[in-house]
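Peer 1: Dropping the structure in here first, questions after.
The values are calculated or read from the model by the stated rules, or taken from the named source; none is laboratory data. These numbers come from a predicted model, not from an experiment. In this analysis, Cβ positions are derived from the backbone assuming ideal geometry, glycine residues included, and neighbour counts consider all displayed protein chains.
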Amino acid sequence: MAEKARLVLAAAAFALFAAAGSAIAQAPSAQAPSAQAPSAQAPSAQAPKKGPAWAELTAEHQQILAPLKNDWGQIAPDRRRNWVALAKRYPTMKPDEQERMQRRMERWAKLTPEQRKQARENYRRISKVPPDKRGDLKQQWSEYQSLPPQERQGAAPPKKKPAPAK
């Protein structure tokens, strides 16, 4: 039962963040690999690039990424570039996809750093599940969602207790 509950919870994380996570993961990287050897590059090209500051974003991108504004300074540069790449694709999305993306960004912005870390870990774990078994996880998630709240708590795996200090 505990394994099934873990799969259900993993499926929940997958359902919550799969679209946003896969959109970010599929975003073209802002850093194109160089064909030159590192020694042939200018020293400034070897330095890690910073992600754009909020003020450097276009007005359109600021509007699209508005749910992330308060946290923008704490977002890692590579993740900022991924969000900008997603904002660039936003105008080509269907209205329902745009609405879904906005809702997910708002939910993401409300998560604590620990919850975000857990969501990323859950996404990594789900992405390792073979595609033919992901359908099973979606089915289990649907079943979990249909449970009354009291039964949902019973289906969740027990929280891990911290290891005793040595």
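Peer 1: Counting only residues that are surrounded by 12 or more Cβ atoms within 10 Å (Cβ to Cβ) and free of Cβ contacts under 8 Å to residues at least 12 places away in the same chain, which one in the stretch 67-114 is nearest to the chain's Cα centre (by Cα)? Even if it seems obvious, please write down each step before you answer.
Peer 2: Going residue by residue through the stretch 67-114, those that are surrounded by 12 or more Cβ atoms within 10 Å (Cβ to Cβ) are 67-69, 71-72, 75, 77-90, 93, 97-98, 100-109, 111.
Subsequent filtering for residues that are free of Cβ contacts under 8 Å to residues at least 12 places away in the same chain retains 93, 97-98, 103, 111.
Numbers: Met93: 18, Glu97: 16, Gln98: 16, Arg103: 13, Leu111: 11 Å.
Within the stretch 67-114, the match that is nearest to the chain's Cα centre (by Cα) is Leu111.
Peer 1: So in the stretch 144-166, with the set limited to residues that are within 22 Å of Gln118 (Cα to Cα) and surrounded by 13 or more Cβ atoms within 10 Å (Cβ to Cβ), which one is modelled with the highest pLDDT?
Peer 2: For the stretch 144-166, the residue satisfying everything is Tyr144.
Peer 1: Tell me whether the stretch 89-101 contains one or more residues that are aliphatic (A, V, I, L, M) and within 23 Å of Trp141 (Cβ to Cβ). Let's see the steps before the verdict.
Peer 2: Residues of the stretch 89-101 that are aliphatic (A, V, I, L, M), as a first pass: 93, 101.
Checking the rest, the ones that are also within 23 Å of Trp141 (Cβ to Cβ) come to 101.
For the stretch 89-101, residues aliphatic (A, V, I, L, M) and within 23 Å of Trp141 (Cβ to Cβ): present.
Peer 1: Can you spot a residue in the stretch 56-63 that is modelled with pLDDT of 95 or more, of a type in the set (Gly, Ala, Ser) and surrounded by fewer than 17 Cβ atoms within 10 Å (Cβ to Cβ)?
Peer 2: So far as the stretch 56-63 goes, yes, one or more of its residues are modelled with pLDDT of 95 or more, of a type in the set (Gly, Ala, Ser) and surrounded by fewer than 17 Cβ atoms within 10 Å (Cβ to Cβ).
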